[in-house]
Every structure is written in structure tokens, then in C-alpha cells.
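Chemist: Okay, here's the structure, questions in a sec.
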Amino acid sequence: MATIEEYTGDNILISIRKTLLYFNTETGQLPDNEQSLHIRKKIEEFEPLLLTLDQALVCIENADVIALGERVCRNINPESVYTESVFLDDLALAMIASGKAQRATFDDAMKSLDKHTCRPLIISRVSGRYQEICASVPSECVYWRAEKKGINCLKHKA
Ligand code: SF4
């Protein structure tokens, strides 16, 4: 499972970069090999869910700690469009402590998501809990790219 430590260190970026590189080298659907199976397993561990704005706001409202920071994968492509992610609870605390996010209020988070209404919102499970809401950029997002490669990882939150 992806852990908070992977987010505060560089491991999450290394992992995303490797996965995107693999997707780039394989044309069409992924082959049925060990590397593809490993990638599928790693992605599925996040149990990513697509959220409506209202669903995202409920998650934020229920959090004890909220933080805002640049979406994690933008570090791989700094020229790309800027979007923020909302981090919740223990992940928020850890991202604030590591200088990768700033503490925020519910209103700050709501305003941030309002700025990215054209971006599909995805919540990911980190260290066993749903703690990251990303205004995703499909052309660069590991989940959307995985979908195109035949890994159906994105489900809508009920
Ligand atoms: S765009 Fe996708 S890969 Fe990038 S941080 Fe957001 S959810 Fe993760």
C-alpha cells in the first residue's frame, strides 16, 4: 500500500515516473507480463475513486486537518498546468511538516477545488485511509493513463 512516508519522501514520485515511462514504452494495451501485473497491483492499492465536488467537500468537512499543496505528479512535469491537491488528516500533517503543503481551512480547500472545476476529482487511499483529493490532469495522471492501457482502476464513489 502507498504510505504517508512515500509521499513525504521521493518514493511516490519515483514510482509514478517509472510507471509513466513504462506506459510510454508500451504501445496499446499492456502485455500480460510480470511488470504489468506489478503496476496494476500498485495502482489498485490506492483504490482511487472519482468524486463529485459535493462528495469531495463532505470528505474535507469530515477531516480533522486539511492541507493544500501542489499535486504530487506535477514535480515530474513542472511545465504542466498547476493544480492543487487537498490532503487530509495524517497525510495533511505529514505534508505540512515536510514543507510540501500548507495548512488550510475548509473554505481554502473549497476555493481551491472551485478553481479546478474542469478537472476530475480523485480521492486516493494512503496508509489505509482516503487522504488525498487531487484535481487530476488526465494527460499526466497515472490513473487515467492506466485506464487507457486497459487497467480499469477508476470507479465512481457511491
Ligand atoms: S494527477 Fe493523478 S497521478 Fe497526478 S497527483 Fe493527481 S491523482 Fe496522482
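Read the figures in this text as sums done on the coordinates, not as results from a lab. Every value quoted in this text rests on a predicted model; they were computed, and no experiment measured them. So basically every Cβ, Gly included, is an ideal-geometry build from the backbone, and we count neighbours across all protein chains shown.
Chemist: Any chance you could count how many residues in region 79-137 are buried (at least 16 other Cβ atoms within 10 Å of the Cβ), aliphatic (A, V, I, L, M), in contact (Cβ under 8 Å) with a residue 40 or more places away in the chain and assigned to a loop (DSSP other than H, G, I, E, B)? Talk me through it step by step, then tell me what you get.
Modeler: Applying the first criterion (buried (at least 16 other Cβ atoms within 10 Å of the Cβ)) to region 79-137 yields 83-96, 100-101, 104, 108-110, 112-113, 116, 119-127, 130-137.
Applying the additional criterion that residues be aliphatic (A, V, I, L, M) yields 86, 88, 91-96, 101, 104, 109-110, 113, 121-123, 126, 133, 135, 137.
Among the residues that remain, those that are also in contact (Cβ under 8 Å) with a residue 40 or more places away in the chain are: 86, 88, 91, 94-95, 109-110, 113, 121-123, 126, 133, 135, 137.
Applying the additional criterion that residues be assigned to a loop (DSSP other than H, G, I, E, B) yields 137.
Residues that pass the stated criteria total 1.
Chemist: Take region 53-78 and flag every residue that is in a helix (DSSP H, G or I), of a type in the set (Asp, Glu) and touching a residue at least 24 places away in the same chain (Cβ under 8 Å).
Modeler: Answer for region 53-78, where residues must be in a helix (DSSP H, G or I), of a type in the set (Asp, Glu) and touching a residue at least 24 places away in the same chain (Cβ under 8 Å): just Glu61.
Chemist: Does region 44-80 hold any residues that are over 21 Å from Asp107 (Cα atoms) and either of a type in the set (Phe, Trp, Tyr) or near the ligand (Cβ under 10 Å from one of its atoms) (or both), and which are they?
Modeler: Of everything in region 44-80, those that are over 21 Å from Asp107 (Cα atoms) and either of a type in the set (Phe, Trp, Tyr) or near the ligand (Cβ under 10 Å from one of its atoms) (or both) turn out to be Phe46, Pro48, Val72, Cys73, Arg74, Asn75, Ile76, Asn77, Ser80.
Chemist: Another question about this same structure. Could you look through region 6-52, keep only residues that are assigned to a helix (DSSP H, G or I), over 14 Å from Ala146 (Cα atoms) and charged (D, E, K, R), and pick out the one that is nearest to the chain's Cα centre (by Cα)?
Modeler: It comes out as Glu6.
Chemist: From Ile133, Ile123, Ile96, which residue is closer than 20 Å to Ala2 by Cβ and away from the ligand (no atom under 11 Å from the Cβ)? Before the answer, list the steps.
Modeler: Numbers: Ile133 fails: away from the ligand (no atom under 11 Å from the Cβ); Ile123 fails: away from the ligand (no atom under 11 Å from the Cβ).
Testing whether each residue is closer than 20 Å to Ala2 by Cβ and away from the ligand (no atom under 11 Å from the Cβ) leaves just Ile96.
Chemist: Separate question: Pull out all pairs, ordered by first then second residue, where Cβ-Cβ is under 6 Å, the residues are six or more apart or on different chains, the first lies in region 26-41 and is touching a residue at least 24 places away in the same chain (Cβ under 8 Å), and the second is outside any loop (DSSP other than H, G, I, E, B).
Modeler: If the second residue must be outside any loop (DSSP other than H, G, I, E, B), the pairs left are Leu30/Ser36; Ile39/Thr19.
Chemist: Also, quick follow-up: Under 30 Å from Glu26 (Cβ atoms) and touching a Pro at 6+ places or on another chain (Cβ under 7 Å) - does that describe any residue in region 112-119?
Modeler: So far as region 112-119 goes, no, none of its residues is under 30 Å from Glu26 (Cβ atoms) and touching a Pro at 6+ places or on another chain (Cβ under 7 Å).
Chemist: Among the residues of region 122-142, which ones are in contact with a strand residue (DSSP E or B) (Cβ under 7 Å, 6 or more places away or on another chain) and under 14 Å from Glu70 (Cα atoms)?
Modeler: Glu132, Ile133, Cys134, Ala135, Ser136
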